[in-house]
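What follows is a short report on a single structure.
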Amino acid sequence: MRYFARKKAAPSYQILVPPLSCDVCRLSPNEAHEYFVWFMSTVPNRIDYLLDHALHHCLEQRLSPDSLTVVWQWFIDNAVFDFDNNSKQYRLSTLSEYIIRDIGMYLGEVCIANNHGLQWSYFTEPKNDFFVNAPYIKGYISQATSFPMTFEPLHMVRIQALKLLPSNSQKGSPTDLLSLYQHWLQYVPENKE
């Protein structure tokens, strides 16, 4: 059974399937490097594609923090959920998961474009780290400990999307991504803003 968050969904949204034979966390170091190179090569085109759908009427906001609200409202309006009869729970549809990846890429690029010293990276050790082999934004530092912090934007966007599930008591808001961005500003050592 499918549940549409709104009457209209984004069925014309073309997904991008990553060239993976297993979960990202199981990749060898060479495969992780190949995946990262592929990921980085797709970011510009996927952002253009996403913005053609979500910001079609206000492209002057491209890569601005305020554009995160417009992009997230578009996702809220187009998110699709599936109902699993076995578990009796809602989950994000496959289409919504792919859109989340594109929005995560966009969130990462907004962070980088508006803050000095941030960049995409990945790491292959330790293997038991939750974000091993996954592209993340490098450069955030905990002020309390001076240790680097891992900001994996695709994961962070998915957490925000889970708030939208019909069965979730937390309800999402169009400002969720902007609030997330603003929260992480405290971990940027030299902030441009």
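The values are calculated or read from the model by the stated rules, or taken from the named source; none is laboratory data. Treat the numbers as computed from the prediction; the structure is a model and nothing was measured. Note: ideal-geometry Cβ built from the backbone for every residue, glycine included; neighbour counts use all protein chains shown. Please note that ligands, DNA and RNA were not included when accessible areas were found on the heavy atoms of the full protein model with its side chains. Shrake-Rupley method; radii C 1.70, N 1.55, O 1.52, S 1.80 Å.
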Self-check item: Odd one out for His56 among (1) in a helix (DSSP H, G or I); (2) under 22 Å from Tyr181 (Cβ atoms); (3) without any contact (Cβ under 8 Å) to a residue 24 or more places away in the chain
Solution: (1)
Quiz item: Given the conditions (1) of a type in the set (A, V, I, L, M, F, W, C); (2) buried (at least 16 other Cβ atoms within 10 Å of the Cβ); (3) over 19 Å from Met40 (Cα atoms), and given that Phe131 satisfies all but one, which numbered condition is not satisfied?
Solution: (3)
Quiz prompt | Pairs with Cβ under 9 Å, 6+ apart, first in the range 95-117 and farther than 19 Å from Ile141 by Cβ and open to solvent by less than 10 Å² (accessible area, probe 1.4 Å), second in a loop (DSSP other than H, G, I, E, B) and among the charged types (D, E, K, R) | solution = Gly104/Glu152
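When residues of the range 14-59 are filtered for being among the hydroxyl-bearing types (Ser, Thr, Tyr), surrounded by 13 or more Cβ atoms within 10 Å (Cβ to Cβ) and modelled with pLDDT under 90, how many remain? Let's see the steps before the verdict.
Narrowing the range 14-59 to residues among the hydroxyl-bearing types (Ser, Thr, Tyr): 21, 28, 35, 41-42, 49.
Then drop every residue that is not surrounded by 13 or more Cβ atoms within 10 Å (Cβ to Cβ), which leaves 35, 42, 49.
This time we only want the ones that are modelled with pLDDT under 90, so: none.
Matching residues across the range 14-59 total 0.
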Quiz item: Residue check: is Tyr136 open to solvent by less than 20 Å² (accessible area, probe 1.4 Å) and under 17 Å from the mean Cα position of the chain (by Cα)?
Solution: no
Exercise. Give the residue, chosen from Pro166, Pro153, that is touching a Cys at 6+ places or on another chain (Cβ under 9 Å) and either under 29 Å from Gln89 (Cβ atoms) or open to solvent by less than 20 Å² (accessible area, probe 1.4 Å) (or both).
Key: Pro153
Quiz item: Could you give every pair whose Cβ atoms fall below 6 Å, whose first residue belongs to the range 146-166 and is touching a residue at least 12 places away in the same chain (Cβ under 8 Å), and whose second residue is assigned to a loop (DSSP other than H, G, I, E, B) and open to solvent by less than 50 Å² (accessible area, probe 1.4 Å), counting only separations of at least 6 or pairs across chains?
Solution: Met149/Ser142; Thr150/Phe131; Glu152/Phe131; Glu152/Ala134; Lys163/Gly172; Leu164/Ala79; Leu164/Gly172
Self-check item: Lone unmet requirement of (1) open to solvent by less than 50 Å² (accessible area, probe 1.4 Å); (2) in contact with a Pro (Cβ under 8 Å, 6 or more places away or on another chain); (3) within 13 Å of Cys25 (Cα to Cα) for Phe123
Solution: (2)
